[in-house]
Amino acid sequence: MSNSFESHVLDNRLTFLAEPNERSHTAAVGFYVRTGARDEDKSVEGVSHFLEHMMFKATSGGRSADDVNREFDEIGADYNAFTSHEQTVYYAHVLPELLPRAIDLLSDMLRPTLADDDFNMEKNVILEEIGMYDDRPIWRLHDALYEKHYGGHALGYRVLGTVDSIKALQVEQMRNYFSQRYSPDNIGVSVAGRFDVEAVKKQLSQCTATWKPTQPTRQYDAPDVEPSDFTITQDKVTRFYLALMSTGPSAQDDSRYTGQVLADVLGDSEGSRLYWALVDPGYADEADLSLSTLDRTGAFVGYVSCDPDRAEQVESILFDTLDGLTANPNQIDDAEIERAKNKLATAATLSGETPAGRMRDLGHRWSYGHDYATLAQQVERLMSVTTQQVRDMLRAGPFTPRTVARLGPAS
């Protein structure tokens with residue numbers, strides 16, 4: 001994998017991140033917008049995700065929604081978009097000779113007409129999507145957990161919004177949010193694979209020449225975390241679900257590598273302590289723990305599901321495992337840490353071997369203010385985590401205080 005990298009800030013303040021590799025057989029491009037649920041006012045909760053949908057409608061450049069889908073199909077693109085609490089991303093993975101068409105299409109999409117008719121029609125789609133996720137116990141539990149853990153902070157907002165917030169949202173509110181947040185000085189375009197850097201830079205400069213910077217900001221007030229313990233019941237639910245959250249390293253904290261290793265040791269889907277304690281014996285069908293790194297904050301997030309008759313037993317084993325290891329960090333040995341690091345390094349390498357994986361890494365690192373790092377450098381940093389560092393993190397009590405949410409049958 002080539003280590004060549006260039007970063008350019010265009011005249012309109014849009015950032016272009018380039019990692020060319022002549023040995024690649026494809027190219028990938030991603031438009032990373034630093035905006036998500038965290039950047040919304042409560043009155044427009046869900047607008048970032050709604051906007052993501054609107055980008056696939058009519059564009060200012062004259063494309064219709066049908067044109068957008070047809071052109072992606074014509075170039076054979078692997079394309080999509082997603083919205084999180086802190087990012088909205090649009091991307092395409094194509095053959096190198098088709099990259100200019102993909103860039104032209106994506107840049108045009110990011111200047112939609114936001115027409116009244118498109119807005120009103122897509123509002124119904126969003127409401128249906130909210131209803132679909134409300135019917136999934138794990139998503140209902142996830143939303144309730146975040147809302148309770150973060151209190152009134154925007155990190156607790158639902159990415160999809162609520163039925164009430166979407167129904168109340170007006171197209172003019174969306175237009176105002178778009179004009180402020182979809183500013184070139186809030187967008188990074190990452191490109192990886194086989195391409196000509198100067199040609200892409202020139203094309204991006206031309207495609208975005210009319211985009212005006214607005215100097216958008218993000219509020220970094222500390223979340224008012226409210227550790228608590230609560231239960232939700234539903235008549236139609238036939239399983240028991242439990243989720244937990246506690247404060248963890250941020251996306252900017254070097255200890256995030258230690259946190260990733262610790263989370264893998266405890267909660268990987270296979271071979272972790274929770275797997276052997278709960279899943280392998282048949283007590284639970286799922287048990288995991290992961291680290292969610294966010295902008296200047298972060299959280300450990302855990303989850304288990306099981307038969308309701310085993311709920312008390314599973315919960316007892318879960319917390320005995322977490323708290324027992326916190327009380328005695330020396331239980332973790334070098335071999336356990338080495339296995340976790342090897343699994344994480346393998347996953348990172350498998351992703352980083354493709355232009356799409358490198359494009360995602362470039363965009364993610366730009367979003368959180370990181371300097372460029374090659375795949376090898378990142379793997380080296382991960383592999384440098386020591387058993388002692390993991391034990392020290394455990395001694396700091398990462399899983400308390402915590403928010404615990406349960407969802408089960410009404411009976």
> Going toward the positive end of the dipole of the range 229-409, with +1 on Lys and Arg Cβ and -1 on Asp and Glu Cβ, which of Ala373, Thr293, Phe240 do you reach last?
Replying inline: Ala373
> Placing +1 at every Lys and Arg Cβ and -1 at every Asp and Glu Cβ, with all other atoms neutral, what dipole size does the chain have around its Cα centre, in debye to the nearest 20?
Replying inline: 760 debye
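Where both partners of a DSSP beta bridge lie in the chain, what percent of those bridges are antiparallel, to the nearest 5? Each step should come with its number before you reach the end.
Values: 47 of 59 bridges.
Around 80 percent antiparallel, to the nearest 5.
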> Taking the Cα atoms only, what angle lies between the long axis of helix 197-207 and the longest principal axis of the chain, rounded to 10 degrees?
Replying inline: 70 degrees
> When the dipole is taken about the Cα centre of the range 6-207, and only Lys, Arg (+1) and Asp, Glu (-1) are charged at their Cβ, what size is it in debye, to the nearest 20?
Replying inline: 420 debye
> Using θ = phi - 60° and the Karplus curve 6.51 cos²θ - 1.76 cosθ + 1.60, what whole-Hz ³J(HN,Hα) does each residue of the range 81-95 get, with Gly and Pro shown as x?
Replying inline: 8, 8, 10, 10, 5, 10, 9, 10, 10, 10, 8, 8, 10, 9, 5
> When the dipole is taken about the Cα centre of the range 115-182, and only Lys, Arg (+1) and Asp, Glu (-1) are charged at their Cβ, what size is it in debye, to the nearest 20?
Replying inline: 360 debye
> Which of the listed residues, Phe195, Ala345, Gln87, is farthest toward the dipole's positive end in the chain, when Lys, Arg count +1 and Asp, Glu count -1 at the beta-carbon?
Replying inline: Phe195
>> I need the phi-derived Karplus couplings for the range 29-37: 6.51 cos²θ - 1.76 cosθ + 1.60, θ = phi - 60°, integer Hz, Gly and Pro marked x.
In response: 10, x, 9, 9, 9, 7, 7, x, 4
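Between Arg310 and Ile138, 0.36 nm times their residue separation minus their Cα-Cα distance comes to what?
Result: 60.1 nm gained on full extension.
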>> To check you understand DSSP bridge types, tell me what percent of the beta bridges within the range 229-409 (both residues inside) are antiparallel, rounded to 5.
In response: 80 percent
> When only Cα pairs under 8 Å and 6 or more residues apart are kept, what is the percent relative contact order across the range 6-207?
Replying inline: 41 percent
> Relative contact order for the range 118-234: what is it in percent, counting Cα pairs under 8 Å that are at least 6 residues apart?
Replying inline: 34 percent
>> Based on alpha-carbon centroids, what's the gap between the range 297-318 and the range 1-70 in Å, whole number please?
In response: 37 Å
> How far is helix 99-109 tilted off the main Cα axis of the chain, in degrees rounded to 10, range 0 to 90?
Replying inline: 80 degrees
> Given a Förster radius of 56 Å and the C-beta distance between Asp392 and Arg70 as r, what FRET efficiency does 1/(1 + (r/R0)^6) yield to the nearest 0.05?
Replying inline: 0.50
>> From Cα pairs below 8 angstrom and at least 6 apart in sequence, can you work out the relative contact order of the chain, rounded to a whole percent?
In response: 22 percent
> Contour minus end-to-end for Gln219 and Phe5, with contour as 0.36 nm per residue of separation and end-to-end as the Cα-Cα distance?
Replying inline: 74.0 nm
>> Can you give me the distance in nm between label points at Lys167 and Thr326, each placed 7 Å from the Cα along the Cα-to-Cβ direction?
In response: 4.1 nm
>> Output the 0 to 90 degree angle, nearest 10, between the alpha-carbon long axis of helix 311-327 and the longest principal axis computed from the alpha carbons of the chain.
In response: 90 degrees
> Debye sum, Cα scatterers, the range 48-179, no solvent: what log₁₀ I/I(0) at q = 0.12, 0.16 1/Å?
Replying inline: -0.54, -0.89
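A short reminder: the numbers here are calculations on the coordinates, not readings from a lab. Small disclaimer: the values here were computed from a predicted structure and weren't measured. In this analysis, Cβ positions are derived from the backbone assuming ideal geometry, glycine residues included, and neighbour counts consider all displayed protein chains.
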